[in-house]
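Below: the structure, in structure tokens.
The values are calculated or read from the model by the stated rules, or taken from the named source; none is laboratory data. Predicted, not measured: the structure shown is a model, and the values here were computed from it. Cβ placement follows ideal geometry from the backbone for every residue including glycine, while neighbour counts extend to all protein chains displayed. Note: accessible area is taken over every heavy atom of the protein model, side chains too, but ligands, DNA and RNA are not part of it. Shrake-Rupley method; radii C 1.70, N 1.55, O 1.52, S 1.80 Å.
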Amino acid sequence: MTAPRIFIDADACPVKDEVYRVAERYGLKVFVVSNGWINTRRDPWIEQVVVDAGPDVADDWIAERAGRGDIVVTQDIPLADRCLQAGAQALKSNGQPFTPDSIGSALAGRMVGEHLRSMGVATSGPPPFGPKDRSAFLQALDRAVVVARRTLAAGSGR
């Protein structure tokens, strides 16, 4: 069995330290993917990946590699959709999972928001990130690791 891997869409991710805690506990590889250098822990199981600047370059790097049994931490709805299609799990930093059942409405809501903003309508951003979100994320990531391990154990690896 191959171990699950965790991919972090890291440019604006507030839960990197939480990912490191869970990954260290389970002995998982973590890829910290960003468009620029980020101060990252120096551990052999953490790999910092700095991609070229440009729209969706980090997303493309993650989507091309994440697959069955992997976990992706992102706020990016289109990236989450691509990862779900490849068999990976995707989590928001507040612990809310993207699922095959929820991704369609999330994509539709994103398109509506983009359309409203293009017309000059002010839209609200996400709610402030707080301690409850951090706690919910830790619990969700722990559950996702258990699911990923079961998924890999049931199959023949990646």
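Counting just the residues of the stretch 1-17 that are surrounded by fewer than 21 Cβ atoms within 10 Å (Cβ to Cβ) and in contact (Cβ under 8 Å) with a residue 60 or more places away in the chain, which one comes out farthest from Ala144 (Cα to Cα)?
Initially, the stretch 1-17 is screened for residues surrounded by fewer than 21 Cβ atoms within 10 Å (Cβ to Cβ), giving 1-3, 11-14, 16-17.
Now narrow it down to the ones that are in contact (Cβ under 8 Å) with a residue 60 or more places away in the chain: 1-3, 12-14.
On the way: Met1: 17, Thr2: 15, Ala3: 13, Ala12: 21, Cys13: 18, Pro14: 18 Å.
So the residue we want is Ala12.
Condition first: open to solvent by less than 30 Å² (accessible area, probe 1.4 Å) and modelled with pLDDT of 80 or more. Can you find one or more residues in the stretch 105-126 that meet it?
No, the stretch 105-126 contains no residue that is open to solvent by less than 30 Å² (accessible area, probe 1.4 Å) and modelled with pLDDT of 80 or more.
How about the stretch 28-38: which of its residues are touching a Lys or Arg at 6+ places or on another chain (Cβ under 9 Å) and open to solvent by 20 Å² or more (accessible area, probe 1.4 Å)?
Result: Lys29, Phe31, Ile38.
Looking at Arg25, Arg41, can you tell me which residue is open to solvent by 80 Å² or more (accessible area, probe 1.4 Å) and closer than 16 Å to Val147 by Cα?
Criteria check complete, one pass: Arg25.
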